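One structure below.
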Amino acid sequence: MKYEFDAIEKKWQQRWEGSKPYAAITGDKRPKFYGLIEFPYPSAAGLHVGHPRPFTAMDVICRKKRMEGYNVLFPIGFDAFGLPTENFAIKNHIHPSIVTKNNIENFTRQLKMLGYSFDWERVVDTTDPDYYKWTQWIFLQLYKHGLAYKATMPVNWCTSCKCVLANEEVVEGVCERCGSEVIRKEKSQWMLRITEYAQRLVDDLDALDFIDRVKTQQRNWIGRSTGAQVVFKATTGDDIPIFTTRPDTMFGVTYMVLSPEHALVHQWLPLLENADEVTAYQRVAASKSDLERTELNKDKTGVLLRGVRGVNPVNGEEIPIFISDYVLSTYGTGAIMAVPGHDQRDWEFAKKFDLPIIEVVAGGDVEKEAFVAKDDTAVMVNSGFLNGLTVRDAIPAMTKWLAEQGIGEAKVNFKLRDWVFSRQRYWGEPIPMVFCPQCGWVPLPESELPLVLPNVESYEPTDDGESPLSKMTDWVNCDCPNCGGPAKRETDTMPQWAGSSWYFLRYMDPHNDKEAVSRAAEEYWGPVDWYNGGMEHTTLHLLYSRFWHKFLYDIGVVHTPEPYAKRTSHGMILGNNPHYVGNVETEEEKQALIEKYGSMALRQYVKMSKSLGNVVNPDDVVKAYGADTMRLYIMFIGDFEKTASWSDEAVKGSKRFLDRCWNLMEQAKDDPQHSRKNEAVIHRTIKKVTEDIDQLKMNTAIAALMTMVNEFYANGCTKGDLQTLILLLSPFAPHLAEEMWELTGYAASTGVMAMQHPWPKYDEALMVEQEKEIAVQVGGKLRATVVIPLNADDETVLGIVYANEKIARLMEGMEVVKTIIVKNKLVNLILKPKK
RNA sequence: GCCGGUGUGAUGGAAUGGUAGACGUGACGGACUCAAAAUCCGUUGGGCUAAUCCCCCGUGUGGGUUCGAGUCCCACCACCGGCACCA
């Protein structure tokens, strides 16, 4: 009988559709397990092979958890608002809602084709008004708690998307989505005060079971630094607050720098002798794009403010004030004290403008370079009352002195900025706010939610930076909810990240029309036990959703301060590089490729992309080999956390393995017990598979199953052996497992599907053979192997070792100085010549 | 510059300080077949060799610790990722 994967997979998918064995039951008495994957963005291209990797892994985990007796919530949904859909709609003249509907249908078909054990009754779609009603509701709560505000400020503007971007969406000065140049533009935007939560977002990472690189990246991004805020005076009498991490170096301050946008610069302009020079510099600085601003190793530029000076509060000395764009208006106070002796940037600036450099920490040569001490035990010099103290002691001493003088205090600063939350695009959640000339910004009453996105004729973005919705005058003009007078709606929409910031909560209670999620459902399911997703979301979705969850915790919607107990991440799937030098024979061709493609030509595997034509479509793989082979291969491909390379050839190996499993049915003896010969390998494999799945080491779990099957072929097997194999295989290849389970008769006799059978248990005592081959080393080098009885005592082992012909030969004329015996593993003999 | 990570056969990748290369792909040899595919069995790190006997070498490089190092320590090289004029 042949393994007809096509028919088998259809058959079982239909059965699951009917009997719904994957439904999660809120409130059930079994222990709960909430496994979460990042819901996909339903693009027109459909699933690519990057999706099945995390999806299959979590499916395997969830299937195993069910067999272990857990009540499992494994949901799926669609993050369907966003630019690609809108752009596709513009190009093809189809309404985004139609595009979305079609794409979701296609994704659903593909996901079902792969046999995932999602609870399909809980599907969430972020573009559904019943869903985004609650996204809008959360926004209103943020607004009511002072965490949403409208502000005019320079924002990142993507020249291609014609839309503002959050800082998190700008990567190396370009738009993370389309790669176009990002410029700074002065715009009035809705902002979310994520900075209010910066401290908690850092602190609470400690207790979470997140992989380290996620924690590190979030900490990097939030960028906490501790120091002091100090008020310097200007000769005009104005206060100039600055932030420094090194208050100990204040005696080394020889000038100050303000950012070009600093408010005091505007205020002082009439007093300045060189006002023209100053305004010219401001103009240049303002016109720079993010890319230009962050260019490496660029020269320090700046302008001295002539007519105003600063005063160093520790010694009363007057110092010059400059403006320079190396000081950022958005960090700290937008002004710094400059200590050129001990800060590289200040040093470069001082050299360029010929400013004095004072050494205040001993140990370097400040004329040659800034001395930035690596440890804090260096000693203070030229620093008045700090002289002789170590840096470690000088920092608190100075901080204390500043506080006593009333001119400074300890302060923590963050790199994290508030979240720019509005987008000048159509396909997003409308922001439920109204602007009234009398009352200002007024939130829509909750009773009017959802504020439904209206149908418009054209969703083209506009060059003037207004949302397409602004042209919908019928919709825009409304009554003020406060005074009833004429008012206008906000026409910007929410960013892509809004809907995904809380979707995992909606899965817990997806059909609730009274609340975002009921407290009871949330208390039962929350927090998510295991969340797997891409590293690219670490400082986007993952950070945003932690912020929203903390806010929801503060207002009593959820019962834990963190949404996800555990976070893991998968590596990317790479495809064949068509321009790889290894693909050609001659030197000339190789040189030509290197010339044309540079370093890319040297890489055998690269990111899959349409332009390279190396994209693998899961539909094709399933058609050729079946879903179970696809699932198995994507799990076997390599270390889950690392990037892996797709190989059409290697897929066959997974298919071959499933064929071998299937073909075992013909030769299995009709005996429900394990065969004696296979007992040990079976128990070892149960242990290995059980532990490896929990650690996401799917590749080695599958390798162990392959080893076991190889043993079955070598030893013969019983139906009992086979049934254990089926159970262990069922999370990976569920369709094949169910069919084999039925055919081997277990289901017929008990009415239980493989997936409903308890997960096999192993017995340590049965795991080992009665005989063991161990290594014999002489002086640490392997010289022979011998077979010993399991757990033999040292004397017996040495007897066997000495009886070995080769060892005996090596021992001729030698005496044993030392023997090292590792039980059931190895013997190491240290020899020296006999006298 | 700072912070992480990685480096193992032709190839994807395995190895709680204890027989390096599990498992898979590819290649080679054999069985079955008129033949091919599929399947099954075997071989497959390099050198030396008549030999699947010995011996030597071998996990990016150079040192070290240890009876024993892919694994631990020190220094370096290469690649990948994150942050970056953040005071």
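The values are calculated or read from the model by the stated rules, or taken from the named source; none is laboratory data. In this text, all values refer to a predicted model and were calculated from it rather than measured experimentally. With ideal geometry, Cβ positions are generated from the backbone for all residues, glycine too; neighbour counts draw on all protein chains shown. For accessibility, only protein heavy atoms count, side chains too; no ligands or nucleic acids. Shrake-Rupley method; radii C 1.70, N 1.55, O 1.52, S 1.80 Å.
Summing +1 for each Lys or Arg and -1 for each Asp or Glu, what net charge is found among the other residues whose Cβ lies under 11 Å from the Cβ of A:Phe5?
Numbers: positive: A:Lys2, A:Lys10, A:Lys11, A:Lys623, A:Lys655; negative: A:Glu4, A:Asp6, A:Glu9, A:Asp628, A:Asp659, A:Glu739.
Within the 11 Å Cβ shell, the charges total -1.
When a/c is below 1.5 the answer is rounded, else prolate if a/b is larger than b/c, else oblate, so apply that to the stretch A:320-423 with a ≥ b ≥ c taken from the square roots of the Cα gyration tensor eigenvalues.
Numbers: a/c = 2.01, a/b = 1.32, b/c = 1.53.
In terms of gyration-tensor shape, oblate.
Under 17 Å Cα-Cα from A:Lys688, which lysines qualify once same-chain neighbours fewer than 8 residues away are excluded?
Partners within reach: A:Lys64, A:Lys65, A:Lys697, A:Lys761.
Does the stretch A:14-107 come out rounded, prolate or oblate, given a ≥ b ≥ c as the square roots of the eigenvalues of its C-alpha gyration tensor, rounded meaning a/c under 1.5 and, failing that, prolate meaning a/b above b/c?
Working: a/c = 2.74, a/b = 2.41, b/c = 1.14.
The shape class here is prolate.
What number in nm² do you get for the stretch A:1-159 if you take the convex hull of its Cα atoms and divide its surface by four?
Details: hull surface 58.2 nm².
The Cα convex hull of the stretch A:1-159, projected and averaged over all directions, gives 14.6 nm².
Cβ neighbours within 10 Å, averaged per peptide: list A:414-423, A:656-665, A:726-735 in order, most packed at the top. If you can, show how the numbers build up before the last one.
Numbers: A:414-423: 21.5, A:656-665: 18.7, A:726-735: 26.2.
Peptide ranking by packing, descending: A:726-735, A:414-423, A:656-665.
Taking every DSSP beta bridge that has both residues in chain A, what percent is antiparallel when rounded to the nearest 5?
Details: 75 of 99 bridges.
The answer is about 75 percent antiparallel.
Which pairs in the list A:Lys772/A:Lys834; A:Lys185/A:Lys415; A:Lys11/A:Lys719; A:Lys185/A:Lys596; A:Lys233/A:Lys352; A:Lys687/A:Lys823 are over 30 Å apart, alpha-carbon to alpha-carbon? Let's see the in-between values first.
Working: A:Lys772/A:Lys834 32 Å; A:Lys185/A:Lys415 20 Å; A:Lys11/A:Lys719 23 Å; A:Lys185/A:Lys596 37 Å; A:Lys233/A:Lys352 25 Å; A:Lys687/A:Lys823 21 Å.
Exceeds cut-off: A:Lys772/A:Lys834; A:Lys185/A:Lys596.
Let me know the charge dipole size of chain A about its Cα centre in debye, to the nearest 20, where only the beta-carbon of Lys, Arg (+1) and Asp, Glu (-1) is charged. Each step should come with its number before you reach the end.
On the way: 95 positive and 113 negative charges, 347 e Å.
Roughly 1660 debye, rounded to the nearest 20.
From the phi of every residue in the stretch A:400-408, what ³J(HN,Hα) in whole Hz does the Karplus formula 6.51 cos²θ - 1.76 cosθ + 1.60 yield, where θ is phi - 60° and glycine or proline is x?
5, 4, 4, 5, 5, 6, x, 10, x
With the full set of protein chains in place, find how many percent of the accessible area of the stretch A:439-534 is carbon and sulfur; take the probe as 1.4 Å. Before the final figure, lay out the partial values.
Working: 1860 of 3910 Å².
Looking at the stretch A:439-534 in its full context, I get 48 percent from C and S.
Which loop-located trypsin sites (Lys or Arg not before Pro) does the stretch A:508-562 contain, where loop means any DSSP state but H, G, I, E or B and the Cβ has at most 10 other Cβ atoms within 10 Å? Please list the in-between numbers first.
Working: sites: A:Lys514, A:Arg519, A:Arg546, A:Lys550; in loops: A:Lys514.
Filter output for the stretch A:508-562: A:Lys514.
Suppose all protein chains stay in the model; what accessible area per residue would a 1.4 Å probe give for the stretch A:196-280, in Å²? Mind showing how you got there, number by number?
Numbers: 3560 Å² over 85 residues.
I get 42 Å² per residue for this part.
Which value in deg cm²/dmol, rounded to the nearest 500, describes the helix-derived mean residue ellipticity at 222 nm for chain A, given -39,500 (n - 2.57) per DSSP H run of n ≥ 4 and division by the residue count? The partial results should precede the final answer.
On the way: 28 runs with 299 residues, N = 835.
It comes out at -10500 deg cm²/dmol, rounded to the nearest 500.
Determine which aspartates and glutamates satisfy two conditions relative to A:Lys669: a Cα distance under 19 Å, and not lying fewer than 8 residues away in the same chain.
Partners found: A:Asp659, A:Glu679, A:Glu711, A:Asp721, A:Glu739, A:Glu742.
Please report the carbon-and-sulfur percent of the accessible area for the stretch A:30-88; probe 1.4 Å, protein heavy atoms only, DNA, RNA and ligands left out.
60
Would you mind working out the magnitude of the charge dipole of the stretch A:742-835 relative to its Cα centre, with +1 at each Lys and Arg C-beta and -1 at each Asp and Glu C-beta, to the nearest 20 Debye?
Numbers: 12 positive and 12 negative charges, 155 e Å.
Value, rounded to 20: 740 debye.
Would you mind classifying chain A by shape? Square roots of the alpha carbon gyration tensor eigenvalues, ordered a ≥ b ≥ c; an a/c under 1.5 is rounded, otherwise it is prolate if a/b is larger than b/c and oblate if not.
Working: a/c = 2.24, a/b = 1.39, b/c = 1.61.
Because a/c hits 1.5 or more and a/b fails to exceed b/c, chain A counts as oblate.
Ignoring ligands, DNA and RNA, what percent of the 1.4 Å accessible area of the stretch A:149-301 is carbon and sulfur? Before the final figure, lay out the partial values.
Numbers: 3370 of 6970 Å².
Summing carbon and sulfur atoms, their accessible area is 48 percent of the total for the stretch A:149-301.
Using the heavy atoms of the protein chains and a 1.4 angstrom probe, tell me the accessible area per residue for the stretch A:120-175 in square angstrom. Each step should come with its number before you reach the end.
Details: 1940 Å² over 56 residues.
Averaged over the residues of the stretch A:120-175, the accessible area is 35 Å².
Just by accessible area at a 1.4 angstrom probe, what is the order of A:Thr244, A:Thr235 from largest to smallest? Before the final figure, lay out the partial values.
On the way: A:Thr244 15, A:Thr235 70 Å².
My answer, sorted largest first, is A:Thr235, A:Thr244.
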